[in-house]
1. Quick check on my filter: what residues within the range 198-220 are touching a strand residue (DSSP E or B) at 6+ places or on another chain (Cβ under 6 Å), farther than 18 Å from residue 242 by Cβ, outside any strand (DSSP E or B) and free of Cβ contacts under 8 Å to residues at least 60 places away in the same chain?
2. Take the residues in the range 200-239 that are at pLDDT below 95 and over 17 Å from residue 262 (Cα atoms); name whichever of them is surrounded by the most Cβ atoms within 10 Å (Cβ to Cβ).
3. Filter the range 230-251 down to the residues that are part of a loop (DSSP other than H, G, I, E, B) and in contact (Cβ under 8 Å) with a residue 24 or more places away in the chain and list them by number.
4. Can you find a residue that is more than 19 Å from residue 265 (Cβ to Cβ) and in contact with a strand residue (DSSP E or B) (Cβ under 9 Å, 6 or more places away or on another chain) anywhere in the range 308-316?
5. Do you know which residues across the range 155-168 are within 16 Å of residue 178 (Cβ to Cβ) and either free of Cβ contacts under 8 Å to residues at least 12 places away in the same chain or not in a loop (DSSP other than H, G, I, E, B) (or both)?
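The values are calculated or read from the model by the stated rules, or taken from the named source; none is laboratory data. Since this is a predicted model, take the numbers as computed values, not measurements. Neighbour counts run over all protein chains shown; Cβ positions are idealised from the backbone, glycine included.
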């Protein structure tokens, strides 16, 4: 998973409109009564009528309303997301520092088991889909010893208190909740981050989800790796919209082959790690076909190629960063350069060294530009400091 890892600033827009009107209204009322003697007095028209039979009395009343002022104030609150600014010439330390896990594969709070998607919050809190432990773990900045179970962790299962091999997670700041791709339960679930939460709720059912992301309007994008498509959901609504793929499994520009992780930019263009096609696709909003923005030259380890790409991120300059999983590296493609990328960390053979990966699954950046990588088979998350 990659969502825009950003500083989210609430923006309030207030619109005030005033109107002043002067209105004169004349109403005529006709009343028919049967009486021996009727006297009607109206203070505004001073009309008196007396009859000894059926009498029709007509009273005309004039009411004047003057200077009515109406002020309407409309307040709209939105959440703006500003991407991470990274220099085109930026470099990172080649040796990573373990910020989560790294104590072997296991289910203790200082361990991970096949970490997949990760999300880095504004305060550098790291939230991780701990895949084979069926839980979501959270590591706070500065505490690299133990994490905290914030969702699942109750064994493998399909209960609302359980997860089954989650692959991606993000933080919805507006509701202060986690949105999780609960892969083997074929659902997307939401867990509150409030203390004492013991179970989640189902947002989307019957979907073979792998990756998810959210735009600044809180629309949720979810990849379905078996239907080879990405769909757009409005939270709380059952309807959804196809945004990429949906034309069967294949390598044409209108097709995908096992889409994994997603990123959406401020123009609502959707980037997809097209895993089995060994490429990254960009679908502009409303487009019927995608554009190959990285790889697409067959599986391989040349700088023109990718090998089962997974996590991805796009900075404010449009530079693309990809977890090139089977090549054990993170590779960068600058905007407009479709020919080849540059390896920025890793690429030193498969291993457990500080400068190595063993199947990097996902990546993200904090607001300072430091790089975080979920190193799946080393059961750790590595941070590479920007220089």
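1. 200
2. Only one residue tops the list, namely 235.
3. Taking the range 230-251 first, the residues part of a loop (DSSP other than H, G, I, E, B) are 235-239, 246-248, 250-251.
Across the range 230-251, the qualifying residues are 235, 251.
4. Of all residues in the range 308-316, those more than 19 Å from residue 265 (Cβ to Cβ) come to 308.
When the remaining residues are screened for being in contact with a strand residue (DSSP E or B) (Cβ under 9 Å, 6 or more places away or on another chain), the result is 308.
Yes - at least one qualifying residue is present in the range 308-316.
5. 163, 168 - these are the residues of the range 155-168 that are within 16 Å of residue 178 (Cβ to Cβ) and either free of Cβ contacts under 8 Å to residues at least 12 places away in the same chain or not in a loop (DSSP other than H, G, I, E, B) (or both).
Conditions tested, residue by residue: (1) assigned to a strand (DSSP E or B); (2) modelled with pLDDT of 95 or more; (3) touching a strand residue (DSSP E or B) at 6+ places or on another chain (Cβ under 8 Å); (4) surrounded by fewer than 24 Cβ atoms within 10 Å (Cβ to Cβ).
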| site | (1), (2), (3), (4) |
| --- | --- |
| 94 | no, yes, yes, yes |
| 110 | no, yes, yes, yes |
| 117 | yes, yes, yes, no |
| 127 | yes, yes, yes, no |
| 136 | yes, yes, yes, no |
| 144 | no, no, yes, yes |
| 151 | yes, yes, yes, no |
